[in-house]
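J.: Okay, handing you the structure first.
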Amino acid sequence: MKVKDVMTTDVLTVREDTSFKDTVELLVENRVSGAPVIDDAGHLVGLVTEADLVSKEAFDLRHRRPLAALGELVGGANRWSHKAAGLTARDVMTDRVVTAAPGENIRSVARRMLDLEVKRLPVVEHGRLVGIISRQDLLRIFHRTDADIAAEIDAKLASPLYAPEDHRASALVEDGIVTLIGSVRLSGEVPVVVGLASDVTGVVHVDNRLTYDEFDVR
C-alpha cells in the first residue's frame, strides 16, 4: 500500500506571514499539534509545531533577567530563544522538514516516523504539498473487519494471477490474524501463499499451517 492510499489530502496549513497568535489559534481550535507552512504557490517551506510556539513562553527574553538570558544562550537554548522572538509562522517554523512522497510504501514511512519520533509527515510531490500522513492514518489500515480481510484473501487464492496452480489452501481470519490451512503442491509455493496473505490490508499476523506434497528442489 502506498502513502497516497491513506494520506489526508485536506490539510490544515498556515502561510509564512501568518501571525504568531493566528497560528496558535488555528492549532488550538482544530486540536492539532502542528501544521505545514506553505508559500503562495503551495510549496512546502516549513513545519510549525506546538513546541515551536511554546518556546515563546519558555524562552522569551522579555521575561528573563539579563544574566539569565545570557546563561540560556551559552547553555544551548539559542535556537529556542530565536524562535521565542518570532512574530510569524516563518519566524518560528522548522524549515528542514522530513517529508514523504505519494508513491512511497507505507512501511518505510511508518519506520521513518518511529525513527524520528514524529507524529506526522507532510506529503510532497514536485515541491508542492499534496497531503499529510499521520500515525492515525497508518492505524486505519488495521481498522478492517475479519470478513473483509477473509474475502480479499479468498479472492486472491482463487486467482491464477496470485495463487499457485492446484493448491488446496484456505484462510481463517480472527482479530486480523490469518491462519493458513490446507496444502500446496510444491514446497516453494508455501511462501507465495504466505506472502499473498501478508500483503492484504488489515492483516496483523499470518500463522502458516500449510503443508506441501513435494519438496521443490529447484
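The values are calculated or read from the model by the stated rules, or taken from the named source; none is laboratory data. These numbers were taken from a predicted model, which means no experiment stands behind them. Heads up, the Cβs are rebuilt from the backbone with ideal geometry, glycines too, and the neighbour counts pull from every protein chain shown.
J.: Among the residues of segment 20-55, write down those that are surrounded by 15 or more Cβ atoms within 10 Å (Cβ to Cβ) and either of a type in the set (Lys, Arg) or in a strand (DSSP E or B) (or both).
T.: GLY34, ALA35, PRO36, VAL37, ILE38, LEU44, VAL45, GLY46, LEU47, VAL48, THR49, listed by residue number.
J.: Kindly list, by first and then second residue, each pair from a residue in segment 18-45 that is over 16 Å from LYS56 (Cα atoms) and at pLDDT below 95 to a residue that is of a type in the set (Gly, Ala, Ser) and part of a strand (DSSP E or B), limited to pairs with Cβ atoms under 7 Å and residues at least 6 apart or on different chains.
T.: Filtered contacts from segment 18-45: LEU26/ALA35.
J.: OK, next. Does HIS126 meet the test of being within 30 Å of HIS43 (Cα to Cα) and loosely packed, with under 13 Cβ neighbours inside 10 Å?
T.: Yes: the conditions hold for HIS126.
J.: Residue by residue through segment 160-187, note down the ones that are within 15 Å of ASP199 (Cα to Cα), in contact with a helix residue (DSSP H, G or I) (Cβ under 8 Å, 6 or more places away or on another chain) and assigned to a loop (DSSP other than H, G, I, E, B).
T.: TYR162, ALA163, GLY176, listed by residue number.
J.: Look at segment 8-17 and say how many of its residues are touching a residue at least 60 places away in the same chain (Cβ under 8 Å), under 16 Å from the mean Cα position of the chain (by Cα) and either crowded, with 16+ Cβ neighbours inside 10 Å or assigned to a loop (DSSP other than H, G, I, E, B) (or both).
T.: The number of residues fulfilling the criteria is 2.
J.: Determine which single condition LEU114 fails, assuming it passes every other condition in (1) exposed (fewer than 15 other Cβ atoms within 10 Å of the Cβ); (2) in the same structural domain as THR201 (by TED's automatic domain parsing); (3) hydrophobic (A, V, I, L, M, F, W, C).
T.: Failing condition for LEU114: (2).
J.: Only one of LEU129, LEU138 is part of a strand (DSSP E or B) and either modelled with pLDDT of 90 or more or in contact with a helix residue (DSSP H, G or I) (Cβ under 8 Å, 6 or more places away or on another chain) (or both). Can you tell me which?
T.: Criteria check complete, one pass: LEU129.
J.: Mind checking which pairs have a first residue in segment 162-173 that is in the same structural domain as ASN208 (by TED's automatic domain parsing) and surrounded by 14 or more Cβ atoms within 10 Å (Cβ to Cβ) and a second that is aliphatic (A, V, I, L, M) and assigned to a strand (DSSP E or B), Cβ under 7 Å, 6 or more apart or different chains?
T.: Close Cβ pairs (under 7 Å, with a partner that is aliphatic (A, V, I, L, M) and assigned to a strand (DSSP E or B)) amount to PRO164/VAL184; HIS167/VAL184; ALA169/LEU180; ALA169/VAL184; SER170/ILE181; ALA171/VAL178; ALA171/LEU180; LEU172/ILE181.
J.: Would you confirm whether or not segment 88-106 contains a residue that is surrounded by 12 or more Cβ atoms within 10 Å (Cβ to Cβ), under 19 Å from LEU26 (Cβ atoms) and acidic (Asp, Glu)?
T.: Within segment 88-106, one or more residues are surrounded by 12 or more Cβ atoms within 10 Å (Cβ to Cβ), under 19 Å from LEU26 (Cβ atoms) and acidic (Asp, Glu).
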